[in-house]
Amino acid sequence: MLAVLGVVLAAGTLWTVRSDYTMVTLSGGSMEPTYAPGDRIFIAKTSGAKVRRGDVVLFGVPERFDGKPVLKRVIGLGGDHVVFDGTRLTVDRTPLKEPYLKDGEVDGGHGPYDVKVPAGRMFLLGDHRANSYDSRYYAGEDSGTVPVTAVRGRVLDDAVVPAVLGLGVLLGVILALAGGVCTLVGWLKRRRRPAPAAPIAHPVA
């Protein structure tokens, strides 16, 4: 029973990981210093409807980046007014706090832009502004915005979920092994148990 429980737990956890999460390896430096090239990043599969400003998302659009999925940070969503005046970046006239920026550089040499994000779309930037090919460079295509339907997942910065999932798999394996050992020990004990002695026949007078 213990072995069965372990197999079910491990299999269920693995199924959850495969269906709800994915891992990607970052190849470029556009998200430094938050994520560096070679980093393995845990992604929760989600729809664009659940994306919020500040989220780092994995997305893909056929007409950009050769259709390959990329990571960028969501700066604005439908209805937002995103403005960079050459000095500071604002969303709906509110200065954006960006502690994640590489060297604190807000623009990276691109220059001013003024974008009203269309409904159902998002404006995306990299954290390393001087090394990021993002919404700023596609001004002629819906002001550089991307449809939220292009979102494939959102980066999980909280290590709790990956840790819990990993623990679930590990616990399942341990239970399965423990159950297997108990079953083997029981079988060996039964094999070693001496057979009952045959009854002794007494002569009848």
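General observations
- Hits in the range 17-34 - residues which are in contact with a Leu (Cβ under 8 Å, 6 or more places away or on another chain), free of Cβ contacts under 8 Å to residues at least 60 places away in the same chain and not β-branched (Val, Ile, Thr): Leu26
- When Leu156, Leu175 are screened for being buried (at least 18 other Cβ atoms within 10 Å of the Cβ), modelled with pLDDT under 95 and not small (Gly, Ala, Ser), only Leu175 passes.
- Members of the range 35-45 that are surrounded by fewer than 18 Cβ atoms within 10 Å (Cβ to Cβ) and not aliphatic (A, V, I, L, M): Pro37, Gly38, Asp39, Arg40, Lys45
- Residues of the range 38-70 satisfying the condition of being of a type in the set (A, V, I, L, M), closer than 28 Å to Asp92 by Cβ and either in contact with a strand residue (DSSP E or B) (Cβ under 7 Å, 6 or more places away or on another chain) or not in a helix (DSSP H, G or I) (or both): Ala44, Val51, Val56, Val57, Leu58, Val61, Val70
- Residues of the range 93-119 that are surrounded by fewer than 14 Cβ atoms within 10 Å (Cβ to Cβ) and either of a type outside the set (A, V, I, L, M) or in contact (Cβ under 8 Å) with a residue 60 or more places away in the chain (or both): Arg93, Thr94, Pro95, Lys97, Pro99, Asp103, Gly104, Gly109, Gly111, Pro112, Asp114.
- Only one entry of Pro95, Pro62 meets the criterion of being modelled with pLDDT under 95 and closer than 25 Å to Ala139 by Cα, and that entry is Pro62.
- Some residue of the range 134-148 being under 23 Å from the mean Cα position of the chain (by Cα), at pLDDT 95 or above, more than 17 Å from Thr34 (Cβ to Cβ) and assigned to a helix (DSSP H, G or I): yes
- Residues located in the range 44-62, provided they are over 20 Å from Asp134 (Cα atoms) and out of contact with any Asp or Glu (no Cβ under 8 Å at 6 or more places or on another chain): Thr46, Ser47, Ala49, Lys50
- For the range 120-136, the set of residues classified as touching a Gly at 6+ places or on another chain (Cβ under 7 Å) and either closer than 14 Å to Gly76 by Cα or free of Cβ contacts under 8 Å to residues at least 24 places away in the same chain (or both) consists of Gly120, Arg121, Met122, Phe123, Asp134, Ser135, Arg136, listed by residue number.
- Of the residues making up the range 1-45, those that are of a type outside the set (S, T, N, Q) and at pLDDT 60 or above number 22.
- Residues of the range 99-131 that turn out to be assigned to a loop (DSSP other than H, G, I, E, B) and in contact with a helix residue (DSSP H, G or I) (Cβ under 8 Å, 6 or more places away or on another chain), as a count: 12
- Evaluating Val83 against the criteria (1) buried (at least 16 other Cβ atoms within 10 Å of the Cβ); (2) over 26 Å from the mean Cα position of the chain (by Cα); (3) assigned to a loop (DSSP other than H, G, I, E, B) leaves one unmet condition, (3).
- Condition met for Val151 (buried (at least 17 other Cβ atoms within 10 Å of the Cβ), more than 20 Å from Leu96 (Cβ to Cβ) and at pLDDT 95 or above): yes
The values are calculated or read from the model by the stated rules, or taken from the named source; none is laboratory data. Every value quoted in this text rests on a predicted model; they were computed, and no experiment measured them. Cβ sites come from the backbone with ideal geometry, for glycine too, and all protein chains shown count toward neighbours.
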